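To start, the structure itself, in structure tokens.
The values are calculated or read from the model by the stated rules, or taken from the named source; none is laboratory data. From a predicted model like this one, the values you see are computed outputs, not experimental measurements. We work out accessible area using only protein heavy atoms, side chains counted, and drop any ligands, DNA or RNA first. Shrake-Rupley method; radii C 1.70, N 1.55, O 1.52, S 1.80 Å.
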Amino acid sequence: MNIAPFKAHEPRFSGPIVASARMSELLKLAERAAASDAKVLITGESGAGKDVVARHVHTHSIRRTGEFVAVNCAGVTETLLESELFGHVKGSFTGAYRDKVGKLRIAHRGTLFLDEIGEMSLRMQALLLRFLENGEIQAVGSDAAHQVADVRVLAATNRDLTEMVASGRFREDLLYRLRVIHLHVPPLRERVEDVRPLAMHFFTRSGRLVSLTEEAWQALERYAWPGNVRELQNVVEQIAWLSASPDAPIGIEELPPIVKSTAPPAAPQRERRRQVADELYQALVHGGYSFWQHIHPLFLNRDITRHDLRELVRHGLAATRGSYRAAVELFGIQASDYKRFMNFLQTHDCRPDYREFRRSNGDVPSARRSIVPLLPPLAKSGSTKAEL
């Protein structure tokens, strides 16, 4: 029997690649958690490998023969997320041309992984809580009796859910339901022992087996990796395909400039996310940019998240002491677009409660640039804000 050789670039799921003691202990804890059907909340920075840990829990559980269904809660709007999870019947809303089975039914006797759970709206949190309590599913627009699904739920987030509970943006009862077992994935900068084995794995997957000098390896290990494992993978692919010769060892001079830089480590995740909102605020209020022409496309193209947009609105409300109409004027949006703006925020769950800003001092921190390169340059003459 002839067996086709495995090619390095072919996608294939493998277990977590770890060398550090922290990750080894985390995986042992994950395997103990897999022995039960208890719900698991996985936290950690973006790109740290929360999805890998979730799949590790599934593959070591008694449900490993069932489906592992992953849903990114930040990738779809509230209406579509309800349909994605619970399904819908034909004609239940515009665009529902046929019945659709929800992810909860697909994951029956398997595992459902809810990534970016912190981006879920309060209404969807209530629907999820009801399912976690009784396991019942009813498709959107259906009048049929509720169906029951046997699903283990794993959730992940890079946000501080406790802080979100305190600010009223996340249900406390849902947090308790999800956080039966808590697994925290450390950032790559806190487990530098994993950099080499992970990089070697990504080199192999790229199909180009290259070697690095010891100086280059040390530079990779010194870098702070604000994007964690995802950023490491991108850097490795860049090194592999842009190297001058695959036969000669790659030195530090061939590494991307950002990796071999001696600049201080990047800001923590929470500070970076605030920085994006600061820059958007500065671009709108002081930079002459237009919300509909410039910021709105960034959101639609997923260059900024719902959290970034929500924080931008919070900056505006803080500056106007909770007045949405004044914030619209501050952002340079025409008064005739007030309802359009409010409907847009409501649709995407980016409408903070104005009451918490009534006593705000209106201070907005200054910005440091990093999202600005995504904004197009303004015209040099007569740069007025054009509204669509």
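Two numbers describe the Cα atoms of the stretch 1-157: Rg and Dmax, which are 17.7, 57 Å.
Using a cutoff of 8 angstrom between alpha carbon atoms and counting only pairs six or more residues apart, the relative contact order for the stretch 61-165 works out to 33 percent. In order along the stretch 298-309, the phi-based Karplus estimate (6.51 cos²θ - 1.76 cosθ + 1.60, θ = phi - 60°) of 3J(HN,Hα) comes to 4, 5, 5, 8, 6, 6, 10, 9, 4, 4, 4, 5 Hz; Gly and Pro are listed as x.
Coupling constants for the stretch 342-355 follow from the phi torsions by the Karplus curve (6.51 cos²θ - 1.76 cosθ + 1.60, θ = phi - 60°), and in residue order they are 5, 5, 4, 5, 5, 4, 9, 6, 10, 10, x, 6, 5, 5 Hz; glycine and proline get x. Under 18 Å between alpha carbons, and skipping anything fewer than 8 positions from Lys100 in its own chain: which aspartates and glutamates qualify? Within the straight-line limit of under 18 Å, Lys100 reaches these aspartates and glutamates: Glu67, Glu78, Glu82, Glu84, Glu136, Asp143. Could you list, in their original order, any pairs among Lys50/Lys103; Lys90/Lys339; Lys28/Lys50 whose Cα atoms are separated by more than 22 Å? Lys90/Lys339, as the Cα separations exceed 22 Å there. Where the centre of each part is set by its Cα atoms, how far does the stretch 280-358 sit from the stretch 134-197, in angstrom? Cα centroid of the stretch 280-358 versus Cα centroid of the stretch 134-197: 28 Å apart.
In order along the stretch 205-221, the Karplus-derived 3J(HN,Hα) couplings, from 6.51 cos²θ - 1.76 cosθ + 1.60 at θ = phi - 60°, round to 5, 6, x, 10, 7, 10, 10, 10, 6, 4, 5, 5, 4, 5, 5, 5, 6 Hz, and Gly and Pro are given as x. Kirkwood-type hydrodynamic radius, the stretch 309-359: 10.7 Å, calculated from all non-identical alpha-carbon pairs.
Keeping every protein chain present and rolling a 1.4 Å probe, give me the accessible area per residue for the stretch 175-255 in Å². Accessible surface, normalised per residue, equals 49 Å².
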